[in-house]
Amino acid sequence: MSSTHEHAEDIEHELEHAGRDVGESFADAVGEPDVQDEAALRADARAEPEGPISGSLDAALPPSAPTLSQLILDRIAGTPDNPAFGSPNPDGSWRVRTWQEAGGEMTRLAAGLLALGLQPEERVAIASNTRVEWVLADGAVMLAGGANTTIYPSTGEDDFAYIVNDSETRFLIAEDQSQADKALTQLAALPSLERIVLIEGEGDGDRVMSWAELAALGDTRLAEDPGAVTQAVAAIRPDSLATLIYTSGTTGRPKGVMLPQSNWVFQGRSMQALEVVRPDDVQFLWLPLAHSFGKVLLSAAFQVGFVSYIDGRVPKIVENLPVVRPTIMAGVPRIFEKIYQGANAKAKAGGGAKAKIFDWAFAASTEIKAKQRAGLSAGPMAPARMATANKLVFSKIQALTGGRMRVMISGSAALNGDVARWFDAAGLPIIEGYGLTENSAAACVVRPDDLVFGSVGQPLPGTQVMIASDGEVLLKGPHVMAGYWNLPEVNAETLLPGGWLATGDIGELDDKGRLKITDRKKDLVKTSGGKYIAPGQIAAQFKVISALASNLVVHAADRNFATALISLDPEAVEKFAAERGLSGDFAALSQSAEVRAALQEDVDTLNSQLNRWETIKKFAILPRDLSEEAGELTASLKVKRKAVEEHFADLIEAMYAGE
């Protein structure tokens, strides 16, 4: 989870498309432990950080297994006939596996990995989109005692090879031939890789084998040794490596974050303790499972036992929701922003009585709920007003999510407060969470009964948050990583004395111990006048305001005033042009007078919300959107500001000409 938040989280490109599609539809390894290098010695010599602290390490948590692997077996044995995972069939129907059925498949695959020679904590990479086979493969790796190296299917060949090679991955589970080819075309650079298993496709009789062949190999192993998998699970320790997630970050090579078995057990227990999830919940899971956020949701499912319907096909989200009728769903802010923008734009376009009713309903609900949360009377007519608003407006929005959504969870970036209030008014509350890959994704979460907009909530039970003297957010608890793979010097910078994890985020605690993230520590820039500006926060505000913008990159370091580069959402530009009868390709439309005028209005609105020294004095519109392929975005769509500024240096300098 997180807000501006994430130190180095990865959510792939499909998330941006998800935001567009859903919005439219709603609108219509560490070094050897006995060796201390100089950096580690310097870290040991530092004093433990001090500052205000929220949370307790001693909070009561529900009972659980000592390892995630054992937790999986316990869930299978405890509720064997309950539904576990739903997956779409080609005809549009859904197949629902019980825990016993899913467990049987995991066990066969785990035995297959053991037959291939997998040893404890050895790495098995999974390169696949979100689908039930990803969950089964991950479960098999856990039951075999291995560690899952997660790889985004959007990862390019260079980074793909780097991750497989750096992690010393022995086996790769690839979604299809295109993923397998990323390894097969550069086998000479991957000396540790022995076998590739295809989820879809046939083996080649040599290095590549099919999903069915791995399961059949497992059947043979189980026939010879029925207790092979349970014995493997029994040998796993709480501190055994479970997951190796490579974070893309905005600079440098990806870093492998080592997350032990016990980290995921803690996440499941904390979610259960807060009753964020319940046994009778129905989850719709579409987020990338290569992301730590997705792994938290799976851990909670193993701990609590609710059913998850899994389909990572972004264009199918809107179609799936009324069928699955989920009670919980996690998403990213961009999706919620697109829904918010799309619904409001449609209401405005409708005009007349419909627009007035729409605006009245949201204003009335927002007012009533704010008074109720403040302990004030909303007036005798409040129930009638809410009933009318629900009937005329909110029930239609709720129906698009299936009609029984209890709560939605937002993570990976900051959720705008106005967007959160809008969904709350519509009866679709969103609780925001915060965390990093380095602490297994979740550290804080807003409690459903303590909804505070703009906050990421209180620490999870068993977690502490400290605000250091320089404002940096520090975390402590059982979810903190074991370290970065093969990067002891970086560990010394991030893992501080006393067990604290340095997040790189700047934040503050309120009087109830709730955390608010204000910016990234390294993202603050100083103007030539000595004023500090937070580009990420300004960009997040703008993306809510502007329906045309895809990204806004603020430039102000050592300058007398702030400027911005604006990249546009291609689909939004196409729609904008169609509504106004404009013609031309994307590059031409982006530079049109009509688009610039619309963006100027959006920038003016943004500036009205900023301090004087933060305001955008000039902006340039880019002729194309930013991309991961050009090195301008991470896999989670975070902007690599330095790369963007280098690529468009001429545009920036032109805005400061004659300064």
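Considering only region 263-279, I want to know if a residue exists there that is touching a Ser or Thr at 6+ places or on another chain (Cβ under 9 Å), in a loop (DSSP other than H, G, I, E, B), open to solvent by 30 Å² or more (accessible area, probe 1.4 Å) and within 23 Å of Pro66 (Cβ to Cβ). Yes: one or more hits. Residue count for region 608-629 satisfying the condition of being open to solvent by 40 Å² or more (accessible area, probe 1.4 Å) and within 21 Å of Ser590 (Cα to Cα): 6. Looking across Gln119, Gln70, one residue alone is open to solvent by 40 Å² or more (accessible area, probe 1.4 Å), modelled with pLDDT of 95 or more and outside any helix (DSSP H, G or I). It is Gln119.
Any idea how many residues of region 73-106 are in contact with a Leu (Cβ under 6 Å, 6 or more places away or on another chain) and open to solvent by 30 Å² or more (accessible area, probe 1.4 Å)? Summing the residues that are in contact with a Leu (Cβ under 6 Å, 6 or more places away or on another chain) and open to solvent by 30 Å² or more (accessible area, probe 1.4 Å) in region 73-106 gives 1. None of Leu241, Leu214, Leu187 is open to solvent by 10 Å² or more (accessible area, probe 1.4 Å) and more than 29 Å from the chain's Cα centre (by Cα) except Leu187. Sub-8 Å Cβ pairs linking a first residue in region 181-206 that is part of a loop (DSSP other than H, G, I, E, B) to a second residue that is basic (Lys, Arg), at least 6 apart or interchain, are Ser192/Arg170; Leu193/Arg170; Glu194/Arg170; Glu194/Arg207; Ile199/Arg131, ordered by first then second residue.
Here Ser299 does not fit the description of being within 21 Å of Ser128 (Cα to Cα), among the polar types (S, T, N, Q) and more than 16 Å from the chain's Cα centre (by Cα). Only a single item in (1) modelled with pLDDT of 90 or more; (2) within 23 Å of Lys516 (Cα to Cα); (3) open to solvent by 60 Å² or more (accessible area, probe 1.4 Å); (4) not acidic (Asp, Glu) is not met by Ser583, and it is number (2). Scanning region 441-459 for residues that are in contact with a Gly (Cβ under 7 Å, 6 or more places away or on another chain) and of a type in the set (A, V, I, L, M, F, W, C) yields Ala441, Ala442, Ala443, Cys444, Val445, Val446, Phe453, Val456.
Please specify each residue of region 286-329 satisfying the condition of being among the basic types (Lys, Arg), part of a helix (DSSP H, G or I) and under 24 Å from Asn148 (Cα atoms).
Once the filter is applied, which keeps residues that are among the basic types (Lys, Arg), part of a helix (DSSP H, G or I) and under 24 Å from Asn148 (Cα atoms), region 286-329 yields only Lys295.
In this structure, does Ile245 turn out to be part of a loop (DSSP other than H, G, I, E, B) and under 30 Å from Gly462 (Cα atoms)? No, not satisfied. Here Ala147 passes the criteria (1) out of contact with any Lys or Arg (no Cβ under 9 Å at 6 or more places or on another chain); (2) open to solvent by less than 40 Å² (accessible area, probe 1.4 Å); (3) not polar (S, T, N, Q) except the one numbered (1).
The values are calculated or read from the model by the stated rules, or taken from the named source; none is laboratory data. The model shown is predicted, which means the values in this text are computed figures rather than measured ones. Glycine gets a Cβ as well: all are built from the backbone with ideal geometry, and neighbour counts include every protein chain shown. These accessible areas exclude ligands, DNA and RNA; they are computed on the full protein's heavy atoms, side chains included. Shrake-Rupley method; radii C 1.70, N 1.55, O 1.52, S 1.80 Å.
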